[in-house]
Structures are given as structure tokens and as C-alpha cells.
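Worksheet: the structure to be examined is printed underneath.
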Amino acid sequence: MTQRTISPQADAEEVILDRALRPQRLDDLIGQERVKENLRILIEAARRRGEALEHTLFYGPPGLGKTTLAHIIAHEMDSPIRVTAGPAIERAGDLAAILSNLHQGEVLFIDEIHRLGKAVEEILYPAMEDFALDLVIGQGPGARTVRLNLPHFTVVGATTRLALLSAPLRTRFGAIYRLDFYDQAALETIVERAARALKVPLEPEGRAEIARRGRGTPRVALRLLRRVRDYAQVRGEGVITGEMAAQALALLEIDERGLDDLDRRVLRAIIEKFGGGPVGLETIAASIGEAADTIMDVVEPYLLQLGFIDRTPRGRMATPLAYEHLGLSREGGEQGVLFRP
């Protein structure tokens with residue numbers, strides 16, 4: 001599938017930009033106040049005891065700052081950080097090689113940790129709990145296990161699918177935090193700071209328009225800022241005004257609530273094809289030709305946040321707010337009769 005403008009997944013250009021704009025300390029991080037306060041206590045307690053930080057897990061929709069927080073933890077603890085991802089660790093030996101090269105207090109950040117294989121997880125359990133690596137030497141009846149002691153280190157995991165994380169792995173994290181969508185004020189501050197770094201003239205109305213359509217996600221808001229910047233330079237004087245931002249985002253088919261064509265297709269499928277629901281996720285995905293994982297990880301969290309859909313034991317249902325947003329009305333009970341006003 002082609003990368004959506006409002007996709008919370010980072011592209012190659014954004015990885016470089018994210019590094020340039022990424023805050024280095026907790027005090028520099030905008031938003032996520034509850035998580036920040038808990039991390040301050042966790043980090044300060046570990047530093048006073050002279051110990052490695054407890055293993056920490058962040059979960060929530062993509063683009064909300066899980067990777068950023070992992071780097072902040074490393075900076076606050078004055079520790080190096082090693083970055084990997086669940087899909088990149090294919091064999092138990094791959095993880096054993098990483099673990100055996102860690103140093104005292106080092107942070108090991110594992111993105112998409114829910115995608116670790118079972119054999120890999122078996123290596124990680126004793127490493128996290130006992131700071132030991134169990135190696136099997138030889139094969140058959142003569143095989144023996146050798147335990148290699150590891151320096152105390154910190155695993156920071158990130159996942160968009162907490163339910164897919166195995167219970168034994170989840171219990172080995174001493175601190176688990178959910179990242180929430182950002183509010184309008186926080187996104188405006190993030191957009192303002194990025195505009196200064198990019199040397200883009202930005203008026204308050206333009207900043208508000210971008211933040212309003214940023215889906216509560218910094219990565220999305222920053223991408224929209226760059227697209228609006230391009231539009232303002234080509235169609236205007238280079239200054240991002242409220243009108244210029246609205247025109248640019250309308251051209252990208254991103255509406256005033258930050259929904260794009262895929263979001264609207266999901267809502268219309270529930271309402272127009274299935275009478276407003278309830279309908280199963282796989283059925284929705286098949287009806288619009290998209291992957292169920294894409295809908296669950298990328299589309300649903302924001303629609304739930306807006307109150308446009310409900311999850312019920314029987315499936316997804318569109319709410320009155322969704323009908324109103326799409327300009328549709330509903331009458332006649334649960335399944336309803338739709339008409340355009």
C-alpha cells in the first residue's frame with residue numbers, strides 16, 4: 001500500500017528529521033505528562049541507588065514517541081543505547097550475540113517487541129530476570145548448558161499490540177506505560193518548534209490548522225507541516241497562514257478532523273455496506289481491500305479516540321458522531337435506514 005500522508009509510520013526522510021528534532025531530556029519532551037512524571041521518579045531512584053533502570057515497556061499507537069522516550073531514558077541515565085527490532089532478531093543466536101556485547105547500564109531498545117519469536121524470547125527471559133545467558137554446548141546426550149553472567153542492563157520495549165506480547169515476557173518488565181494521543185495545545189507547540197528548526201514562517205492560525213488535523217500524533221503533524229510548507233512556497237509567499245494550511249490539506253484530502261480517504265472508506269463501509277454494524281474487522285478489511293492489521297493498528301485507534309466507532313463483542317459499530325461527520329443520517333433502529341440530507 002502507498003504511504004498515506006497521515007500514516008504514523010516514519011519514512012526514510014523522517015527518520016533523519018526525527019533525529020534532528022528529537023528531545024534529549026524529559027524536560028524537553030512535550031506532552032505525555034503522566035508518563036514523564038513516572039519516568040522522572042523511576043530514573044531518579046535508579047540513579048540514587050547507582051543501579052541500571054528497571055526494564056521498561058511502552059505501548060500505544062505508532063508515532064507517539066516510544067522510540068524518543070527510549071533515547072531520553074538513555075540520556076537521562078548517561079548510558080549508551082543499542083537499537084534493534086523484533087523482526088530483525090530472527091534466531092536465538094542473534095539475540096545472544098547482542099546480549100553478550102552489552103555493557104553495564106546499557107539500554108537495549110527493542111521496537112516491535114511483540115514480534116520476537118518464541119525461541120528468541122526463551123533467551124531473553126533469563127537475561128532480563130537474572131542477567132544471565134544460558135548457552136547450550138554440543139548436541140544430543142552430550143549437550144550441556146553453560147551460564148554466562150551479563151552486566152546489569154535495561155531492556156526498553158515498544159509495541160503497538162500489547163495483547164500480542166506473551167505473558168511471561170510482559171511480567172518481566174518492571175514498568176509499563178501507555179502513550180496517549182496528544183492534545184491540540186501540545187501538537188501546536190511541537191509544530192511551532194519544528195517550524196523554527198526548519199526556518200519556516202508560521203502564523204498562529206496555520207499552526208492551529210496543522211495541529212487540528214495531526215491526528216493527535218506528532219509524527220503526522222510534522223509531516224503535514226512539511227507538506228504545507230511545500231504548498232506555501234509554490235502557491236503562496238512561503239508563509240504558512242491558516243488559509244494556506246487549509247488549502248494545502250484540502251488538496252491532500254485530509255479533512256478538518258484529520259481523516260483521510262482510508263479512514264472515510266472504513267466508516268462508510270461500516271455504515272453503508274453493513275448498516276452501521278456490528279461487523280467484524282476481517283469483513284471490513286475485505287470489503288475495502290485493505291489489510292486487517294492496517295485497520296487495527298493505524299485507523300481504528302484514532303477513530304476510537306474521536307468516538308466515531310465502538311468495539312462491541314459482536315464487532316465494530318459506527319456512532320452517531322461518525323454519521324454526523326460524513327453528513328449521513330440514520331433512522332429505523334439498530335440496523336437503520338440511511339439517506340443523505
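The values are calculated or read from the model by the stated rules, or taken from the named source; none is laboratory data. Note that the structure is a prediction, hence the values are computed from the model and not measured. Glycine gets a Cβ as well: all are built from the backbone with ideal geometry, and neighbour counts include every protein chain shown. Accessible surface areas use protein heavy atoms only, side chains included; no ligands, DNA or RNA. Shrake-Rupley method; radii C 1.70, N 1.55, O 1.52, S 1.80 Å.
Observations on the model:
- Failed item in (1) modelled with pLDDT of 90 or more; (2) surrounded by 15 or more Cβ atoms within 10 Å (Cβ to Cβ); (3) more than 28 Å from GLY214 (Cβ to Cβ), with ALA286 passing the rest: (2)
- Pair list, Cβ under 9 Å, 6 or more apart: the stretch 303-332 residue within 16 Å of ARG215 (Cα to Cα), other residue of a type in the set (Phe, Trp, Tyr) and buried (at least 19 other Cβ atoms within 10 Å of the Cβ): GLN305/PHE181; PHE308/TYR302; ALA322/PHE308; HIS325/PHE308
- Close Cβ contacts (under 7 Å, 6 or more residues apart or on different chains) running from residues in the stretch 24-46 that are in a loop (DSSP other than H, G, I, E, B) to residues that are open to solvent by 60 Å² or more (accessible area, probe 1.4 Å) and of a type in the set (S, T, N, Q) comprise ILE30/THR189.
- Number of the condition not met by ILE30 [criteria: (1) touching a helix residue (DSSP H, G or I) at 6+ places or on another chain (Cβ under 7 Å); (2) of a type in the set (Val, Ile, Thr); (3) closer than 23 Å to ALA132 by Cβ; (4) modelled with pLDDT under 95]: (3)
- Residues located in the stretch 245-271, provided they are surrounded by fewer than 24 Cβ atoms within 10 Å (Cβ to Cβ), in contact with a helix residue (DSSP H, G or I) (Cβ under 7 Å, 6 or more places away or on another chain), within 20 Å of PHE181 (Cβ to Cβ) and among the acidic types (Asp, Glu): GLU256
The rows are residues; the columns are (1) in contact with a helix residue (DSSP H, G or I) (Cβ under 7 Å, 6 or more places away or on another chain); (2) surrounded by fewer than 19 Cβ atoms within 10 Å (Cβ to Cβ).
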position	(1), (2)
SER79	no, yes
THR84	yes, yes
ILE98	no, yes
VAL107	yes, no
HIS114	yes, no
LYS118	no, yes
LEU124	yes, no
PHE131	no, yes
VAL136	no, yes
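- Of all residues in the stretch 90-110, those satisfying the criterion of being without any contact (Cβ under 8 Å) to a residue 24 or more places away in the chain and closer than 14 Å to VAL120 by Cβ are GLY93, ALA97, ILE98.
- VAL15 being outside any loop (DSSP other than H, G, I, E, B), closer than 17 Å to LEU225 by Cβ and either at pLDDT 95 or above or not basic (Lys, Arg) (or both): yes
- Scan of the stretch 138-173 for residues that are within 30 Å of VAL298 (Cβ to Cβ) and open to solvent by 10 Å² or more (accessible area, probe 1.4 Å), ordered by number: THR160, ARG161, LEU162, ALA163, LEU164, SER166, ALA167, PRO168, ARG170, THR171, ARG172, PHE173
- Pairing each residue of the stretch 111-128 that is outside any helix (DSSP H, G or I) with any residue that is polar (S, T, N, Q), provided the two are 6+ apart or on different chains, yields C-beta distances under 7 Å for ASP111/THR67; GLU112/THR159.
- Some residue of the stretch 91-106 being within 25 Å of GLY60 (Cα to Cα) and touching a strand residue (DSSP E or B) at 6+ places or on another chain (Cβ under 8 Å): yes
- Selection from the stretch 150-176 of residues that are in contact with a helix residue (DSSP H, G or I) (Cβ under 9 Å, 6 or more places away or on another chain) and over 14 Å from THR56 (Cα atoms): LEU150, THR160, ARG161, ALA163, LEU164, SER166, PRO168
- Check on ASP230, open to solvent by 10 Å² or more (accessible area, probe 1.4 Å) and assigned to a helix (DSSP H, G or I): yes
- VAL200, sole failed condition from (1) in contact with a Gly (Cβ under 9 Å, 6 or more places away or on another chain); (2) of a type in the set (A, V, I, L, M); (3) under 19 Å from GLN305 (Cβ atoms): (3)
- Scanning the stretch 266-313 for residues that are among the basic types (Lys, Arg) and part of a helix (DSSP H, G or I) yields ARG268, LYS273.
- Search result, residues across the stretch 173-196 that are assigned to a loop (DSSP other than H, G, I, E, B) and touching a strand residue (DSSP E or B) at 6+ places or on another chain (Cβ under 8 Å): PHE173, GLY174, LEU179
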